[in-house]
Amino acid sequence: MRGLGTLINVVLVIVGSGAGVLIGDRIPVRMRTTLLQVMGLVSIAIGMSDAIDTHNMVFPLIGMAIGALIGEALGLEDRLERLGLRLQKRFDRSAAPSPHDPALPTSSERSFVKGFVIASSLYCIGPLTVLGAIEDASGATPQLYIIKGLLDGFVSIMFAATYGIGVAFSALSVLVVQGSLTIGGTSLDALLDDRMRTELFAAGGLAVIGIGLNLLQVTKIRLANLLPGLLITPVLVALFAV
């Protein structure tokens, strides 16, 4: 069944998030912080392993730079955050207006949006997202998305324990992104050659490193604004690679 892997991934994110919300209060804050830091370090390691496979760092560098400019011009991160706020107001009745300024997001809203944005970025960026879509589109057993779903589900437990129910709504991002890629999976496989895949994954690796840095709170990288770079990089390879 085409798209089965995406559905499995979505369900596992929701289940993991639900478990995290239920047991979150039982996990000490220091333990949650340490586990998130571990995930940050692992994200950086995974990103570096993909990034160093590039045959020419110029392609992911220029591709991500152009993509970042496009993302900033389109305000993708701001749009994603506004979507998170709308979901918060629609579904999280525990949120209350700020006593100082009702127009400002409360700490509860910031936590909801942060969980939604971070989880959406982590679950929708990386080689497994693209490779899994190609496999899922073929109708074969979606092994890659099952593996990815199990990983995402486990991470969702820790994220939801820290950030709350906003993490569960990242399942919508997974459904839209992976579903769209799966629909075009056959065409996508035909468009990408091995060199294009390598540089695409290298660009994705840079974005995953950014996720790790955000989790470690080293800096605040507006990751959604980097997403166009994942489209630009293979195009540059097709045009200029020798």
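The values are calculated or read from the model by the stated rules, or taken from the named source; none is laboratory data. Since the model is a prediction, treat every value here as computed from it, not as a measurement. Cβ atoms come from the backbone with ideal geometry, glycine included; neighbour counts cover every protein chain shown.
Figures for the structure shown
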item	result
Filter result for the condition that a residue is under 14 Å from F159 (Cβ atoms) and either modelled with pLDDT of 85 or more or of a type in the set (D, E, K, R) (or both), over G47, G40, G24, G71	G40
Criterion violated by R86 - all others in (1) surrounded by 13 or more Cβ atoms within 10 Å (Cβ to Cβ); (2) closer than 24 Å to A168 by Cβ; (3) at pLDDT 85 or above satisfied	(1)
Condition met for S108 (polar (S, T, N, Q), part of a helix (DSSP H, G or I), within 21 Å of I27 (Cα to Cα) and at pLDDT below 90)	yes
Sole residue being out of contact with any strand residue (DSSP E or B) (no Cβ under 6 Å at 6 or more places or on another chain) and either under 20 Å from V38 (Cα atoms) or not aliphatic (A, V, I, L, M) (or both), chosen from L200, L122	L122
From A140, A95, residue being within 15 Å of I8 (Cβ to Cβ), aliphatic (A, V, I, L, M) and either modelled with pLDDT under 90 or not in a helix (DSSP H, G or I) (or both)	A140
Residues that are of a type in the set (A, V, I, L, M) and in contact (Cβ under 8 Å) with a residue 12 or more places away in the chain, drawn from region 173-190	V174, L175, V177, L181, I183, L188
Considering residues of region 146-197 that are of a type in the set (G, A, S) and in a loop (DSSP other than H, G, I, E, B) only, the residue surrounded by the fewest Cβ atoms within 10 Å (Cβ to Cβ)	G184
Residue in region 214-230 that is surrounded by fewer than 18 Cβ atoms within 10 Å (Cβ to Cβ) and assigned to a helix (DSSP H, G or I) present	no
First in region 127-156 and at positive phi, second anywhere and at pLDDT below 80, Cβ under 9 Å, 6 or more apart	G139/M1
